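S.K.: Quick one: the structure is below, questions incoming.
Every number in this text was worked out from the coordinates using simple rules, so none of it is lab data. Keep in mind the model is a prediction, meaning the values are calculated, not measured. Reconstructed Cβ throughout: ideal geometry from the backbone, glycine too, with neighbour counts over all protein chains shown.
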2 protein chains.
Amino acid sequence: MADGTLHETVARLLHAQQQRLTPTRTVIVDVLGASDRPLTIPEILATRDGLAQSSVYRNLVVLEQAGAVHRLVTGDFARYELAEDLTGHHHHLVCSNCGRIDDLPATPAVEKSVQAAVDQAAAAVGFSTQHHRLDLVGLCADCAN
Amino acid sequence: MADGTLHETVARLLHAQQQRLTPTRTVIVDVLGASDRPLTIPEILATRDGLAQSSVYRNLVVLEQAGAVHRLVTGDFARYELAEDLTGHHHHLVCSNCGRIDDLPATPAVEKSVQAAVDQAAAAVGFSTQHHRLDLVGLCADCAN
DNA sequence: CTTTCTGCAAACGATTTGCAGCAGC
DNA sequence: GCTGCTGCAAATCGTTTGCAGAAAG
């Protein structure tokens, strides 16, 4: 997705919540958009000087409520990524040794069978599925040696 | 799994780490084993009187390191369940409205396609998969109305 | 007896919030 | 001007840890 389009899309999501696309929010969206994996708050802060920690926290809440950003907690602290509407559906590779998390683009074959078989089982117990999360836990290339 | 067998299995896991199956640990294992969904610390504390919060936290760490208990963080705080070795592989139904999490037994069909297709994609980027986590996010029976 | 477990209370650290100043409309 | 955003510092809250007594071997 081109940057211009990304900014426009986020701006639209924010406006729907009576929120603006401020400079700080633009920076956060750019940082997340430039990464191929979910980032922690310290990682976001480290990319640019002049970002206040509390502002990043606060804006991530706003961006998450607007549906532009997704929060995920796997280890000891939270990580953030652009919402799948903006980046496309994907899964995560979680390294059980070093905690690193990478993105793995979804494969159509898996998606289809997951949706079909699991949604059916879920519906049987009265659960209406909105979306799913699939994480693979194992050793990343570095930790596997 | 019969209770006797469960206790024996957990005791064996603990002994492998030079740890004992103490009364508090037995209680925790029983509480988790009696539940069909992962429990929070407050929920565990509420089931029995006389449990000290710090002891529960400390013993859950020990039980997790021994491989008897699994910790998962989805919302604002952690939840615990018996390890899949003891309960069998399953997925989670996460209610996006009330935060409730229920277990969903794994279906052989999905497992097979997930393992095959996703593991292959992961291996292509140098990742060696140990296991996977599949959560369905949506509305539980109560919240769907 | 020595080592481990327990419970209390204090410490910790990631995240949240109150407040005063600044920017946008 | 009024309303919302920012940054600082203080508060919050789930979780961890130090310590002294109790329990297990």
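S.K.: Which residue, A:Glu64, A:Glu81, A:Glu111, tops the fluctuation ranking in a GNM of chain A built on C-alpha contacts under 10 Å?
M.R.: Largest GNM mean-square fluctuation: A:Glu111.
S.K.: Something else now. For segment A:121-145 and segment A:37-112, write down the distance between their C-alpha centroids in whole Å.
M.R.: With segment A:121-145 and segment A:37-112 each reduced to a Cα centre, they are spaced 16 Å.
S.K.: Hey, if you put +1 on the Cβ of every Lys and Arg and -1 on every Asp and Glu Cβ in segment B:47-145, which of B:Pro105, B:Val137, B:Leu82 ends up farthest toward the positive end of that dipole?
M.R.: B:Leu82
S.K.: OK, next. Let's see if you can work this out: charge +1 on each Lys and Arg Cβ, -1 on each Asp and Glu Cβ, no other charges. What is the dipole magnitude of the protein assembly as shown about its Cα centre, in debye to the nearest 20?
M.R.: 480 debye
S.K.: Right, something else. Using DSSP, restrict attention to beta bridges with both residues in the protein assembly as shown and report what percent are antiparallel, rounded to the nearest 5.
M.R.: Counting DSSP beta bridges with both partners in the protein assembly as shown, the antiparallel share is about 80 percent.
S.K.: Compute the acute angle (0 to 90°) between the alpha-carbon long axis of helix A:23-34 and the principal axis of greatest extent of the alpha-carbon atoms of chain A; round to the nearest 10°.
M.R.: Tilt of helix A:23-34: around 40 degrees.
S.K.: Can you tell me, using C-alpha contacts under 8 Å and at least 6 residues apart, the relative contact order of chain B as a whole percent?
M.R.: 20 percent
S.K.: Sequence-distant or interchain residues sharing an amide H contact under 5 Å with B:Val69, placed H: which?
M.R.: Counting only residues 5 or more places away or on other chains, the set is B:Glu64, B:Ala83.
S.K.: Pairing the Cα long axis of helix B:53-65 with the longest principal axis of chain B, what angle in degrees results, from 0 to 90 and rounded to the nearest 10?
M.R.: 50 degrees
S.K.: I would also like to ask the following. Treat segment B:35-83 as a sphere of radius equal to its Kirkwood radius over Cα pairs and apply Stokes-Einstein at 37 °C in a medium of 0.692 mPa s; give the translational diffusion coefficient in µm²/s, rounded to a whole number.
M.R.: It comes out at roughly 297 µm²/s.
S.K.: Taking the beta-carbon count within 10 Å as an exposure proxy, list A:Tyr57, B:Tyr80 from fewest neighbours to most.
M.R.: A:Tyr57, B:Tyr80
S.K.: For B:His132, which sequence-distant residues (separation of 5 or more, or a different chain) have an amide H within less than 5 Å of its own amide H, given hydrogens modelled in the peptide plane?
M.R.: A:Val137
S.K.: Once every DSSP H run of n ≥ 4 in chain B is given -39500 (n - 2.57) and the sum is divided by its residues, what mean residue ellipticity at 222 nm do you get, rounded to the nearest 500 deg cm²/dmol?
M.R.: Value at 222 nm, helices only: -14000 deg cm²/dmol.
S.K.: Pop out the ³J(HN,Hα) list for segment A:103-117 in order, Karplus 6.51 cos²θ - 1.76 cosθ + 1.60 with θ = phi - 60°, rounded to Hz; leave Gly and Pro as x.
M.R.: Per residue, the Karplus-derived 3J(HN,Hα) values read 7, 9, x, 5, 9, x, 4, 5, 3, 4, 5, 5, 4, 5, 6 Hz.
S.K.: Sticking with this one: Along the Cα→Cβ direction, 7 angstrom out, place labels at A:Glu64 and A:Arg37. What is the inter-label distance in nm?
M.R.: 2.1 nm
S.K.: Related question: Provide the three semi-axes, in whole Å and in decreasing order, of the ellipsoid equivalent to chain A as defined by the square roots of 5 times the Cα gyration tensor eigenvalues.
M.R.: Each semi-axis is √(5λ); the values are 28, 21, 14 Å.
S.K.: Show me the three semi-axes of the equivalent ellipsoid for segment B:61-103, from the C-alpha gyration tensor (sqrt of 5 times each eigenvalue), largest first, rounded to whole Å.
M.R.: In descending order the semi-axes read 21, 13, 5 Å.
S.K.: Something else: Report ³J(HN,Hα) in whole Hz for each residue of segment B:69-75, in order, from the Karplus equation J = 6.51 cos²θ - 1.76 cosθ + 1.60 where θ = phi - 60°; Gly and Pro get x.
M.R.: With coefficients 6.51, -1.76 and 1.60, one gets 10, 10, 9, 9, 10, 10, x Hz.
S.K.: While we're on this one: I want the local charge near B:Thr24. Using Cβ-Cβ distances under 14 Å, sum +1 for each Lys or Arg and -1 for each Asp or Glu among the other residues.
M.R.: +2
S.K.: Here is a follow-up. Between B:Ser128 and B:Glu84, take the C-beta separation as r, use R0 = 22 Å, and let me know the FRET efficiency to the nearest 0.05.
M.R.: 0.75
S.K.: Taking the DSSP beta bridges in segment A:57-145 as the whole, what percent of them are antiparallel, to the nearest 5?
M.R.: Within segment A:57-145, antiparallel bridges account for around 70 percent of the total.
S.K.: May I ask you to work out the translational diffusion coefficient for the protein assembly as shown at 37 °C, viscosity 0.692 mPa s, via Stokes-Einstein with Rh from the Kirkwood sum over Cα pairs, reported in whole µm²/s?
M.R.: 157 µm²/s
S.K.: Within 11 Å, Cβ to Cβ, of A:Phe127, how many net charges do the neighbouring residues add up to if Lys/Arg are +1 and Asp/Glu are -1?
M.R.: Result for the neighbourhood of A:Phe127: -2.
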